[in-house]
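Trainee: For reference, the structure I am asking about is given below.
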Amino acid sequence: MKDVAEKRAELVCWKNFKISGGFWEERQRQNREVTLPTIYEFFKDTGRMDCMKGLYTPDPTGKDVLLDRANGKEEGIFLPGGEIISFQLSQLNGEELEITPGLVPRPHPYWDSDVAKWIEGASYGLFHEANPEVEAVIDRIIEDYEKLQQEDGYVNTYFTFVEPGKRFTNIHEKHELYCAGHMTEAAVAYYEATGKDRYLKLMCRYIDYIDRVIGPEEGKLHAYPGHQELELALIKLYKVTGEKRYLRLAEYFINERGKQPYYFDIECAREGRNPNRPSGKGFGRRDEIPKWPYAHFQAHLPVRQQKEAVGHAVRLMYQCCGMADVAAYTEDESLKKACDDLWNNITLEKMYVTGGIGAESYGERFSFSYQLPNEQAYNETCAAIGLAMWAARMLQLENHRKYADILERALYNGVISGVSRDGKKFFYANHLECMPAVYEDRVERQTRMFPVRQGDFPVSCCPPNLARFTESITGYAMTQKGTTLYLHLYMDMEGTIQVAGQEVGVVLHTAYPYDGKILLQITPQEEEVSLTLALRIPQWSHGYEVKCNGQILSCQMEQDGYVYLDRSWTSGDQIELELDMRPLLLEANPKVRMDCGKVAVQCGPFIYCLEEEDNGTELFDICLDADSKMEMSFDPQLLGGIPCILIQAKRRAKEKWQGALYREAGSSYESCTVKAIPYYLWSNRRIGEMAVWLCCR
Ligand code: FUB
Ligand code: ZN
């Protein structure tokens, strides 16, 4: 794939760089020591880790169906046999359910994907740090999948044990190709991490089977995934095997999507399902979004005609990753243009300041433009991860700061807010404001909307997604095009790149994201190397300084938010970049009515928030000035030591309000100092109020 990298930028592989300290070292350590084992235990307890063994037998009393119904929303997840499950159910519905002991949980259509994401994250972890126990667990699962795999290559737990004989009869809703995608990503990761190819071979056999039954030729299904994901996974498979047919299949899925007649209509007609009520669930419906049939699945229009982000947010993000990948590997300009249309729509009209996307909880989807409610924000963690994944891929197509800025915005806010400080609990939805009574008052109490991170979710896509993303974070930091290395994310890391046939060592030392100083060392294998370094200057930074071997470099070329340093480097050459990281106040476009008259606090890549624990209740009554004094500080006691900002503010005086709900305006205000903490750390203490957007006068 080297020739391609000469022509356009390619992400530097996660394997080439190791985190060597700082913010990400701590996160990766916790990910390996706490988060991945926690997810493993939950998956084991609920039956996911063994589901591929086929131990499930339907409950003769029909209780598994009863439990499905009891949950109502989460079709097919709750099964006899698991205590956690019964606990969750009673928590949700305020009722105790009788569980038949000894029954084996029924596999859910997504379970293969949950297991795969865990394997993917654990595999990256194995590369960083050997762990024979984890490796043995993965090998055991692979062995089970080998036994599960059918003669023709097909492998899927749900359609083998729960709906045998029904494979590819409900591509529309049942996540078969989505599972195939995550399993493919896991197989590639495991191969790259360990060099063992059993899983990779297994998945190649399966993908070859999919390629034999789906495609443009007569007699094949003219289908595409109901939940996008396989597209981007096929590109990974193509890159690791060099097999062009995987690229072609990804291209087919992208190009076929949204053509008329709709494949999902064809499938419903063939299988005798009503497309308006395919499985009795709301958002599987053909006309869920009235403007367009199948918009929930982004199958309403061919992808090049999709100008507005609609429907399920995670689906769209994975689709956009696939589009950007295919555009890169086929040099298809029309696909790049289609990506940009969607990019502009999302980042200019439908994205939260935290990089969260998918405002609407019903259908986990994009809402209309500028509809960004803070308290009810859905913002699934997976959607923010998907946005970051897509942004990184866009940097392969065009080197522009706008993509890296959003990658970073999502990463340090809407992505890592998904996991608790102790690494054991997770947010599915990421709100930007919280008044606990709102959730306590709900009749329908969905754990995924709670303002408290949960230890488990029936639909568990987010936790392993976070784990795999964290473990492969260096794979999002840089791109290389020929002899130019672009640095998009700054983190303490070291590794090597190949430049004009020689290996070049690159070391970054930094306390970023807490500090704006970045030290960069280049060590060529030979005497010198001709290399251009392109350093991103984030939009939030009011200024910067670059030094080379201690000398300030004044007239460097700047383009699209990058400063270019073009020279011949010898061993020990050192660059110092210093970004101005003073806190600043942001305002939203006036069309975002929820944020009118408000400001958000940012320092470096972090968005900050106020919490009740530090500032008392009624955060909504705190008021900042446009020039409020803000002082950075570090609180060593708080949550293990975190940065905070002390802000001069005002608060309404509370006197004279007894006995009145309304009165003539004219309140007096009292000065106060409020303490803001990085948004991603909220809800790690007691449940309480939280606000990102604060009044400003
Ligand atoms: O449907 C599979 C995954 O579960 C989706 O990507 C998430 O949004 C969640 O619904
Ligand atoms: Zn998720």
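Trainee: Under a point spin-label approximation (7 Å from Cα along Cα-to-Cβ), what is the Asp515-Gln539 distance to one decimal in nm?
Mentor: Simple spin-label model gives 2.8 nm for this pair.
Trainee: Next question. Obtain the nm distance between the two label points defined at Glu271 and Cys672 by a simple spin-label model: each point lies 7 Å from its Cα along the Cα-to-C-beta direction.
Mentor: So the two model labels end up 5.5 nm from each other.
Trainee: Residue-wise, which Karplus ³J(HN,Hα) couplings in Hz belong to segment 619-629, taking 6.51 cos²θ - 1.76 cosθ + 1.60, θ = phi - 60°, and x for glycine or proline?
Mentor: Values, residue by residue: 4, 5, 9, 8, 10, 9, 9, 4, 10, 3, 6 Hz.
Trainee: By how many nm would the segment from Lys307 to Gln637 grow when fully extended, if each residue of separation counts as 0.36 nm and the alpha-carbon distance is taken off?
Mentor: Extra length from Lys307 to Gln637 when fully extended: 114.0 nm.
Trainee: Would you pull out the residues with amide H under 5 Å of Arg365's amide H, same chain only if 5 or more places away, H placed 1.01 Å from N?
Mentor: Ala313, Glu360
Trainee: Quickly estimate the mean residue ellipticity at 222 nm for the chain, helices only: each DSSP H run with n ≥ 4 gives -39500 (n - 2.57), and the total goes over all residues, rounded to 500.
Mentor: Helix-only estimate at 222 nm: -10500 deg cm²/dmol.
Trainee: So, one more: Quick check: pseudo-label points 7 Å beyond the Cα along Cα→Cβ at Gln525 and Leu584, how many nm apart are they?
Mentor: 4.1 nm
Trainee: Whose amide H sits under 5 Å from the amide H of Glu503, counting only residues 5 or more places off or on another chain, with H placed in the peptide plane?
Mentor: Gln525
Trainee: Still on this model: When you take every Cα atom in segment 482-579, what is the radius of gyration, and what is Dmax, the widest Cα pair distance, in Å?
Mentor: Considering segment 482-579 through its Cα atoms, Rg and Dmax are 12.8, 38 Å.
Trainee: Can you figure out the FRET efficiency of Leu553 with Glu129, using R₀ = 25 Å and their beta-carbon distance, to the nearest 0.05?
Mentor: The formula returns an efficiency of 0.10 here.
Trainee: Among 405-418, 567-580, what's the highest-first ranking by average C-beta atoms within 10 angstrom per residue?
Mentor: By packing density, highest mean first, the sequence is 405-418, 567-580.
Trainee: Taking the Cα centre as origin and putting +1 on Lys and Arg beta-carbons and -1 on Asp and Glu beta-carbons, what dipole magnitude results for segment 443-547, to the nearest 20 debye?
Mentor: Its charge dipole is roughly 580 debye.
Trainee: Which cross-chain or sequence-distant (5 or more) residues have an amide H under 5 Å from the amide H of Gln574, H modelled 1.01 Å from N in plane?
Mentor: Asn549
Trainee: In µm²/s, what is D for the chain at 20 °C and 1.002 mPa s, where D = kT/(6 pi eta Rh) by Stokes-Einstein and Rh is the Kirkwood radius from Cα pairs?
Mentor: The Stokes-Einstein estimate is 81 µm²/s.
Trainee: Right, next: Which helices of the chain meet both criteria: a Cα extent of 20 Å or more along the helical axis and a mean Kyte-Doolittle score no lower than 0.5, with helices taken as whole DSSP H segments?
Mentor: In the chain, the long hydrophobic H runs are 313-330, 381-397.
Trainee: Over the chain, give the accessible area per residue in Å² for a 1.4 Å probe, as an integer.
Mentor: 38 Å²
Trainee: Round to a whole angstrom and tell me the spacing of the C-alpha centers of segment 406-438 and segment 502-533.
Mentor: So the separation of the two Cα centres works out to 32 Å.
Trainee: Using the Cα centre as the reference, give the magnitude of the dipole from point charges on the C-beta atoms of the chain (Lys, Arg: +1; Asp, Glu: -1; all else neutral), rounded to the nearest 20 debye.
Mentor: 1220 debye
Trainee: How high is the relative contact order of segment 482-579? Use alpha-carbon pairs under 8 Å, at least six apart in sequence, and give a whole percent.
Mentor: 30 percent
Trainee: How compact is segment 652-696 by the rule of thumb for globular proteins, expressed as Cα Rg over 2.2 N^0.38 Å?
Mentor: Rounded to two decimals, the normalised Rg is 1.60.
Trainee: For Cys596 and Ser571, FRET efficiency with R0 = 35 Å and r from the beta-carbon atoms, rounded to 0.05?
Mentor: The pair Ser571/Cys596 has a calculated efficiency of 0.05.
Trainee: Would you work out the charge dipole size for segment 584-696 about its Cα centre, treating the Cβ of every Lys and Arg as +1 and the Cβ of every Asp and Glu as -1, and quote it to the nearest 20 debye?
Mentor: Its charge dipole is roughly 220 debye.
Trainee: Once the Cβ-Cβ distance between Ala136 and Arg421 is put in as r, and R0 is 35 Å, what FRET efficiency do you end up with, to the nearest 0.05?
Mentor: Calculated transfer efficiency: 0.70.
Trainee: Find how many whole Å separate the alpha carbon centroid of segment 106-133 from the alpha carbon centroid of segment 202-245.
Mentor: 22 Å
Trainee: So for each of 527-537, 168-178 I average, over its residues, the number of other beta carbons within 10 Å; can you give me the resulting order with the highest mean first?
Mentor: 168-178, 527-537
The values are calculated or read from the model by the stated rules, or taken from the named source; none is laboratory data. This structure is a prediction, so every number in the text was calculated from the model and none was measured. Quick reminder, even Gly has a Cβ in these numbers, built from the backbone with ideal geometry, and neighbours come from all protein chains shown. Just the protein is used for accessible areas: all its heavy atoms, side chains included, with ligands, DNA and RNA removed. Shrake-Rupley method; radii C 1.70, N 1.55, O 1.52, S 1.80 Å.
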